[in-house]
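Peer 1: Before we start, here is the structure in question, set down as structure tokens.
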Amino acid sequence: MSDPSTARTDRARSGPDAHRGRRLRPGRWAAVQAVARAVLITVGLLAAYYLLPLDERGTAGATALLVCGLVAVLLVFLWEVRTIARSPHPRLKAVEALAATLVLFLVLFAGAYYLLGRSAPSSFSEPLTRTDALYFTLTTFSTVGFGDITARSQAGRVLTMAQMAGGLLLVGLAARVLASAVQAGLRRQRREQAAQPRSGTGAGTPEQEAGP
């Protein structure tokens, strides 16, 4: 026969406390969720870039895509700033927002380059596939500029300069706005924590005040 005390000890060891150390902390779980959402957003935007029909002829299609896309980037960015200030994890939400805005910005210009290259093949030093357009967008954004693909026409150079200016605004101004939103979210959390009553302080229960 087994010892009852030993059985109780084994049950205690196999209870919820035994698995508590294996569970992710709330902060780590929030970080995992933020990274997963950023990856899903990136994959979704890239899939849309490669799967959506971008075969319109003429510079009007590239212009319409660029204008509508920039408006979409601005709206997404403003919505993300508002979400950061209200999020329980503003820093993680800011990283997620920056990733979503950056990928949308790059995919937008890649699509515009692709449409421009199809409507006017002489706009670039070589015909652009979707991968070529994305490659040219990344080299322009990162200021690497390998030089194997260059803009030759006036429309291509104007579009490239627009991406350069937008990239500077995204890295400089947008990063500062996101940092301000993070600080606003942290201040809100501190105010909420200060407003919560502290446990174990203040007057005692009626039974304690009445005495024996």
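Peer 1: When Lys and Arg each count +1 and Asp and Glu each count -1, what net charge do the other residues less than 14 Å away from Thr140, Cβ to Cβ, add up to?
Peer 2: Combined, the nearby Lys, Arg, Asp and Glu give -1.
Peer 1: Using a 1.4 angstrom probe, figure out how much accessible area the stretch 114-196 has per residue, in square angstrom, rounded to the nearest whole.
Peer 2: 57
Peer 1: Quote the accessible area belonging to Ser180 in square angstrom, nearest 10, computed with a 1.4 Å probe and with ligands, DNA and RNA left uncounted.
Peer 2: Accessible surface of Ser180 is approximately 70 Å².
Peer 1: Shifting gears a bit: Over the heavy atoms of Tyr50, what accessible area does a 1.4 Å probe trace out, to the nearest 10 Å²?
Peer 2: Looks like 100 Å² after rounding.
Peer 1: Around Val43, under 15 Å between beta carbons, what's the net of Lys plus Arg minus Asp minus Glu among the other residues?
Peer 2: Charge balance near Val43 sits at 0.
Peer 1: Using label points projected 7 Å from each Cα along Cα→Cβ, tell me how many nm separate Leu51 and Arg188, to one decimal.
Peer 2: For Leu51 paired with Arg188, the spin-label model returns 3.3 nm.
The values are calculated or read from the model by the stated rules, or taken from the named source; none is laboratory data. This structure is a prediction, so every number in the text was calculated from the model and none was measured. Here the Cβ is made from the backbone with ideal geometry for all residues, glycine too, and neighbour counts use every protein chain on show. Areas reflect the complete protein model, heavy atoms only, side chains present, ligands, DNA and RNA absent. Shrake-Rupley method; radii C 1.70, N 1.55, O 1.52, S 1.80 Å.
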